[in-house]
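Worksheet for the structure shown next.
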Amino acid sequence: MFQEYFKIFLDGYYGYWNYLSSEILRPSWHNYFWWLVGLSVIVWMVELIFPWRKNQAAIREDFWLDGFYMFFNFFIFSLIVYNSVSNVAVEAFNDFLGLFGIENMVAIQVGNWPVWAQFLLMFVIADFIQWNVHRLLHHNPWLWEFHKVHHSVTQMGFAAHLRYHWMETIVYKSIQYIPLAMIGFGLADFFILHIVTIAIGHLNHANVKITYGPLKYLLNNPVMHLWHHAKNLPVGSHGVNYGISLSLWDYLFGTAYIPNENENEPLGFDHIEEFPKTFWSQITYPWNKKN
Ligand SMILES: [Zn+2]
Ligand SMILES: [Zn+2]
């Protein structure tokens, strides 16, 4: 059995490596690498042409660090471990279910729904699960130490979107896995959904003042998400505006908080000046931290 797992690990690793190199070498419309580059350039241009904080430098503080996080989290981390390990975890989990005679977990079948409806369902359910996971990252003291990496940005810009500790990938994907596996989607490829969420996430962190008018009660936006990163929160609160793509959950569950539209609101958390400044020291921080 362990040989079998090891083979799945290696196949995942080499499969991903081949996939990544062909992505970079062969741009196409179905290509994460070039979409990420393209969206980043577009949102960056929008920031430079219509800046909210007019005095913010084009190459703001931590721009390159955040750019590195973006590629590390999106590609390198997936390449090194995530894909291979998660293939093994899924196989082991299915083997475990097999012990109880469970062949698959699908509880609801939506495979015969129209494609757009399946996309919409996936978008709304995944976003709601992620909203809950994000709340957990703020409420659980151990997880908060990891999530602090994302909150250690002090000057906001599009690239801060994917500045986060790689443990977050593991936490989000593991918690999401079972509920999503219980829905029998007829589509194997949710590429467009990933691209849409990256675009919304980039904009949420961008130095632009967009609120989408009345759609602000539905869609997360840069003004709302700036307050998620604010240093000064209501007394006793662990956080506000936990929304990922949708702001709806924060309005429904009473965690929406936008007291004003001050673009210079200080960002971060208490004692942020003691938080490490480099990639490696931030990544190892939760384990090295001395209380
Ligand atoms: Zn957060
Ligand atoms: Zn953020």
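The values are calculated or read from the model by the stated rules, or taken from the named source; none is laboratory data. Quantities reported herein were computed from a predicted structural model and do not represent experimental measurements. Backbone-built Cβ (ideal geometry, glycine too); neighbour counts: all protein chains shown. Surface areas here come from the heavy atoms of the whole protein model, side chains and all, with no ligands, DNA or RNA. Shrake-Rupley method; radii C 1.70, N 1.55, O 1.52, S 1.80 Å.
At a probe radius of 1.4 angstrom, the accessible area of the chain per residue rounds to 53 square angstrom. The slack between ASN288 and TRP34, meaning 0.36 nm per residue of separation minus the straight C-alpha distance, is 87.9 nm. Shape analysis of region 211-291 based on the Cα gyration tensor places the equivalent ellipsoid semi-axes at 28, 13, 13 Å, largest first.
Each of PHE74 and LYS173 was given a label point 7 Å from its Cα along the Cα-to-Cβ line. The distance between the two points is 1.6 nm. One chain, two ends: THR211 and PHE2. Fully extended at 0.36 nm per residue, the span grows by 70.1 nm beyond their Cα-Cα distance.
Carbon-plus-sulfur accessible fraction, the chain (probe radius 1.4 Å, protein heavy atoms only): 67%. Sorting the Cα pairs of region 84-218 by distance into bins of 5 Å, from 0 upward, gives 2, 8, 13, 18, 19, 17, 12, 6, 3, 1, 0 percent per bin. Name the residues of region 255-281 whose amide N is less than 18 Å from a point 7 angstrom out from the Cα of LYS54 along the C-beta direction? Residues 261-265 fall inside that zone.
The Cα trace of the chain gives Rg and Dmax of 19.9, 62 Å, the first to one decimal, the second as a whole number.
When the Gaussian network model of the chain links Cα atoms closer than 10 Å, the mean-square fluctuations of VAL235, VAL149, VAL133 top out at VAL235. Taking a quarter of the surface of the Cα convex hull of region 156-250, what do you get in nm²? Mean projected area of the Cα convex hull: 7.8 nm². Return the tail of the calculated pair distribution for region 1-108, meaning the percent of Cα-Cα pairs more than 17 Å apart. Here the tail beyond 17 Å accounts for 68 percent of pairs.
Distance between the pseudo-spin-label points of PHE128 and ASN18 (7 Å out from Cα toward the beta carbon): 3.9 nm. Projected label points at SER237 and GLU145, each 7 Å from Cα along the beta carbon direction, are separated by 2.6 nanometres. A simple count of charges around HIS134, restricted to other residues whose Cβ falls under 12 Å of its Cβ and scoring Lys, Arg +1 and Asp, Glu -1, yields -2. Rounded to two decimals, the Cα-based Rg/Rh of region 116-175, with Kirkwood Rh, is 1.04. Compute the helix-to-body angle for 141-151: its Cα long axis versus the longest principal axis of the chain, expressed 0 to 90° and rounded to tens. Approximately 60 degrees, to the nearest 10. Remark: the VAL110-ALA181 segment gains 24.4 nm on full extension, using 0.36 nm per residue and subtracting the alpha carbon distance.
For region 1-108, the set of trypsin sites (Lys or Arg not before Pro) satisfying both a DSSP loop assignment and a count of at most 13 other C-beta atoms within 10 Å is given as LYS54.
Note on the chain: helix-only mean residue ellipticity at 222 nm, from DSSP H runs of 4+ residues weighted -39500 (n - 2.57) and normalised by residue number, equals -17500 deg cm²/dmol.
Helix 279-288: angle to the longest alpha-carbon principal axis of the chain, degrees 0 to 90, nearest 10? Long axis of 279-288 versus the principal axis of the chain: about 80 degrees. Of all lysines in the structure, those lying under 30 Å Cα to Cα from LYS209, and not within fewer than 8 positions of it along the same chain, are LYS54, LYS148, LYS231, LYS277. Between the Cα long axis of helix 2-25 and the first principal axis of the chain there is an angle of about 50°, rounded to the nearest 10.
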